Structures are given as C-alpha cells and as structure tokens.
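J.: Before I ask anything, here is the structure I am working with.
The values are calculated or read from the model by the stated rules, or taken from the named source; none is laboratory data. Everything numeric here is computed off the predicted structure, so don't read it as measured data. We place every Cβ from the backbone using ideal geometry, glycine too, and count neighbours over all the protein chains shown.
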C-alpha cells in the first residue's frame, strides 16, 4: 500500500483525507515513479471546490494533481525510461501520492531539483504554448495580464529573451519582481487600459491573458483584433471571439518540457518555488493558496 491524498465530495480544503491506496501498475509504454515532488496548481483548487464540474468530470474518491517529478521504480513494456531514472511530467494518475504513472516521462537534468521540475510542468508548458500560438516575433509588443503569477512570470522571461517588449499588468506587490524580469509593469484594475497606452504609445501587438480578470473586451479593443488575444484563464473567451487554450489536451505542447528544463538548469529561466509542504499538509497548501499567501509555486513532498 502507499499514501495518497483523496477527496470524496466537493468542498473546502478539509475534504482532503490522507488515505492508503494500492500503488498503480504501469501499462504498456508507461513508467511508475516514486514521487519526490508534486505541484499544486490553481485548477486543483477549482476541481476540489466543484467549480469545474461542467468541464472536468470527477469520479470519487479522487486523487488530485498532475505535475510530478520522481524516480522510476517500475516500467511497462516499451517504456522510454528505465528503473532509477530521474524524470518529471504529467501524471496519468493522481499526483498527490507516493506513486504515480507517466505516459511521457521527461528526463530531469541533474541541476534541476525535483521541486522545480514538478513546479514548472503546467505553468511552463502553458506559457510556452500561448507564445507559440500567438506567434510572437522580435520587435513586437506583448501585453501579459497577470504577469506576476506563475504562468505570467514564465511568459515574461520567454518573451523578453526573444526580443519582445513586454508590458505586464500586476498587483502592487509584483511591480518590482516583474520589472526585474525585463517587463514594463503597470497596475491592474480600473484604468489599466490608459496605463498601458501610456507606456506603449506605439500600441500593443498581442495580448496573453493569464489572469481571468474580465479584461478580454478591453484587450480586444486595444489591439483591434480578437485573433491577437489568447486566454488561459477566462472561460468567457468565446463571448469575445477570443481563443481559450488549455482544456483540450490536443492543444497542449508537451514537447516544450525538455526545452524549459534545460533553460532552468542553465540558469536562463526561473520558476520560483514559494513553499514545499509534506503531502499530509495538502489541505493547508490549498488553504494558503486560496488566501493568496503564496508568492510563487507550491509543491507537496510525498
């Protein structure tokens, strides 16, 4: 048996239970890992609270979580990794657990910690994917809503290194950090359009909404074309003719993970981990994130 976090009803963080479960067995092409770190993502909180029922069906009891890093301890026929390999990726079974299965294990560079490897999976892929969909080019100006968040900070770094001028809407506490990454930071909230125009007198070419803060209508008006705006956070995207990306697995770009891992290992990309909690404290991790106490990624250590 192994330990996992499960929940059998929607609700507050206290619906979580520390449970004993059978370790999953790898099928063809899969590997099983002894999980060393698993990331807590905002979607985990929404699923637990029942806010994703129309988009993400749940079978109770559920083990939440997807982004994991660990050491391979069992392999299925035709697997691309071997026992003892240090890998990371998206789990096909719940990640808040001592053991998880990976369909597409990615080799973890030695210089990359297990905590950072797990932390970067969803946020790194999302940032890379949106910039790829937008087709950013050197010399363009990109507006990122939520630039101080985990996805936003990765997107800022990936865009600036390509010679893109980045403007980021942020809260007061994130101005210094986002500016330090090479972006022009402006406060979000009422009047953000005027503030953006003030720092980008020649206009904005593209918009990435990682905030879900109801900014799509004004963003479309700002660039003059809904096709130049993409969101990963606003479920009302279709009402504005804006592309929503992230729900469809076929729309994702897992090939980005090795590239991002190498950038982090080389010191060219930073994905800060705010705090690592023992697995048994998953409820506290969720509570802290819901209270917006975290400034960076949160991980669990099984």
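J.: Quick one: is residue 208 at pLDDT below 95 and either under 21 Å from residue 145 (Cα atoms) or in contact with a helix residue (DSSP H, G or I) (Cβ under 6 Å, 6 or more places away or on another chain) (or both)?
T.: No.
J.: Might you let me know whether the stretch 162-171 holds any residue that is in a helix (DSSP H, G or I) and surrounded by fewer than 24 Cβ atoms within 10 Å (Cβ to Cβ)?
T.: no
J.: Something else now. Report yes if residue 148 is within 25 Å of residue 38 (Cα to Cα) and assigned to a loop (DSSP other than H, G, I, E, B), otherwise no.
T.: Details: within 25 Å of residue 38 (Cα to Cα): yes; assigned to a loop (DSSP other than H, G, I, E, B): yes.
Criteria met by residue 148.
J.: Considering only residues of the stretch 236-254 that are farther than 13 Å from residue 127 by Cβ and surrounded by 14 or more Cβ atoms within 10 Å (Cβ to Cβ), which is farthest from the chain's Cα centre (by Cα)?
T.: For the stretch 236-254, the residue satisfying everything is 240.
J.: Sort out which residues of the stretch 198-212 are over 20 Å from residue 134 (Cα atoms) and in contact (Cβ under 8 Å) with a residue 24 or more places away in the chain, and write them in order of number. Can you show your working first?
T.: Just the residues of the stretch 198-212 that are over 20 Å from residue 134 (Cα atoms), to begin with: 198-199, 201.
199, the sole residue that qualifies.
J.: Looking at residue 44, is it in contact (Cβ under 8 Å) with a residue 24 or more places away in the chain and either within 23 Å of residue 265 (Cβ to Cβ) or surrounded by fewer than 18 Cβ atoms within 10 Å (Cβ to Cβ) (or both)?
T.: Answer is no for this residue.
J.: Please pick out the residue among 72, 21 that is surrounded by fewer than 21 Cβ atoms within 10 Å (Cβ to Cβ), outside the structural domain of residue 150 (by TED's automatic domain parsing), touching a strand residue (DSSP E or B) at 6+ places or on another chain (Cβ under 6 Å) and more than 18 Å from residue 257 (Cβ to Cβ).
T.: Just a single option satisfies the conditions, and that option is 21.
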